[in-house]
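Below is one structure, written out as structure tokens; the observations come after it.
The values are calculated or read from the model by the stated rules, or taken from the named source; none is laboratory data. Worth saying up front: this structure is predicted, and the values here are computed from it rather than measured. Ligands, DNA and RNA are excluded from the accessible area calculation, which covers all protein heavy atoms including side chains. Shrake-Rupley method; radii C 1.70, N 1.55, O 1.52, S 1.80 Å.
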Amino acid sequence: MYYLWKKEVSSYFATPFGFVFMGIFLLLSGLSFTTSNLLGGNGDLSGMFGLLSNMSFMTFPVLTMRLFAEERRAGTENLLLTSRLTIPQIVLAKYLAAVTVFLITMLATLVYVGIIVTYGYPNLGALAASYLGYILLGTAMIAVCTFTSSLADNQVTAAILSFGALFVLVMMSAFSRSMQVPIIAPVLRAMSITLRYDEFIRGIFRLGPVCYYIGYSIIFLFFAVKNMQRRRLN
């Protein structure tokens with residue numbers, strides 16, 4: 001499993017996918033930091049993370065679109081599925097590789113924290129909560145994209161499916177606020193992937209949202225495992 005994870009991480013930087021994701025992510029965060037903090041004078045990163053959480057449906061599909069489609073394009077999927085690795089190990093290795101690239105990109109944003117600490121008096125607890133919340137949100141979104149990517153036979157289809165799934169899950173937050181139907185509204189709130197992230201932006205740390213995002217990731221990774229097991233049987 002370690003060698004598959006290492007291969008996947010290295011492939012991100014041997015192909016444009018890792019750099020494209022990092023470039024888009026850092027461009028969005030840099031523009032938000034400039035307008036909200038440098039020009040707006042804010043001492044926290046709530047504006048940056050608020051923008052990133054609502055725009056993540058455009059970035060994470062780029063990160064995950066090649067996870068399984070590349071194996072199918074190269075004709076190596078059957079070799080991988082019949083290797084000594086179990087299906088959960090394959091899915092987890094690919095998922096963790098995408099998470100690793102995401103975390104490396106998040107490390108680059110710490111320069112914003114350095115600027116705020118140097119020239120302002122930020123609430124470090126709120127900053128830590130925002131970072132933790134976005135990392136949890138990002139790992140959950142990557143899990144969703146891992147599942148949708150396992151359904152696709154090529155990279156374009158994988159990107160479209162991931163984009164559509166994340167867009168719907170992000171928009172459910174707005175739908176849940178306007179929907180007053182007794183049965184539908186709680187379902188939308190439960191599925192809305194960004195709704196609980198608002199607490200982290202406000203500097204509130206509770207165990208409930210943490211468990212929610214961990215559970216969200218586990219559920220969609222489970223779906224990805226089941227789909228890959230189905231493909232191996234076929």
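If you line up the long axis of helix 2-14 against the longest principal axis of the chain, both from Cα atoms, how many degrees apart are they, to the nearest 10?
With both axes taken from Cα atoms, the answer is about 70 degrees.
Dividing the alpha-carbon Rg of the range 64-108 by 2.2 N^0.38 Å yields what?
1.31
Using a Gaussian network model on the chain with a 10 Å cutoff between Cα atoms, which of Pro122, Pro186, Pro209 fluctuates the most?
Pro186
If the convex hull of the alpha-carbon atoms of the range 87-165 is projected onto planes in all directions, what is the mean projected area in square nanometres?
Value for the range 87-165: 6.4 nm².
Probe radius 1.4 Å, ligands and nucleic acids ignored: give me the carbon and sulfur share of the accessible area of the range 1-127 as a rounded percent.
69
Using the Cα gyration tensor of the range 77-234, with a ≥ b ≥ c the square roots of its eigenvalues, what is the shape: rounded (a/c below 1.5), prolate (a/b larger than b/c) or oblate (neither)?
It comes out oblate by the Cα gyration axes.
I need the Debye-formula profile for the range 1-95: one equal scatterer per C-alpha, no solvent, reported as log10 I(q)/I(0) at q = 0.14, 0.15 1/Å, two decimals.
-0.64, -0.70
Using the Cα atoms of the range 87-126, I'd like the radius of gyration and the largest Cα-Cα distance, Dmax, both in angstrom.
Taking only Cα atoms of the range 87-126, I get Rg and Dmax of 15.9, 49 Å.
Which whole-number percent is the relative contact order of the range 1-136 (Cα, under 8 Å, 6+ apart)?
Computed over the range 1-136, the figure is 40 percent.
As a test of the formula, what do you get for the chain when each DSSP H run with n ≥ 4 contributes -39,500 (n - 2.57) and the sum is divided by the residue count, at 222 nm and rounded to the nearest 500 deg cm²/dmol? Walk me through the numbers before you get to the answer.
Working: 12 runs with 185 residues, N = 234.
It lands at -26000 deg cm²/dmol.
Counting alpha carbon pairs within less than 8 Å and at least 6 residues apart, what relative contact order, in whole percent, applies to the chain? Could you put the intermediate results ahead of the total?
Details: 276 pairs, mean separation 64.1, N = 234.
In percent, rounded to a whole number, it is 27.
Compute the long axis of helix 16-33 from its Cα atoms, compare it with the longest principal axis of the Cα atoms of the chain, and write down the angle in degrees, 0 to 90, nearest 10.
Between helix and principal axis, roughly 10 degrees.
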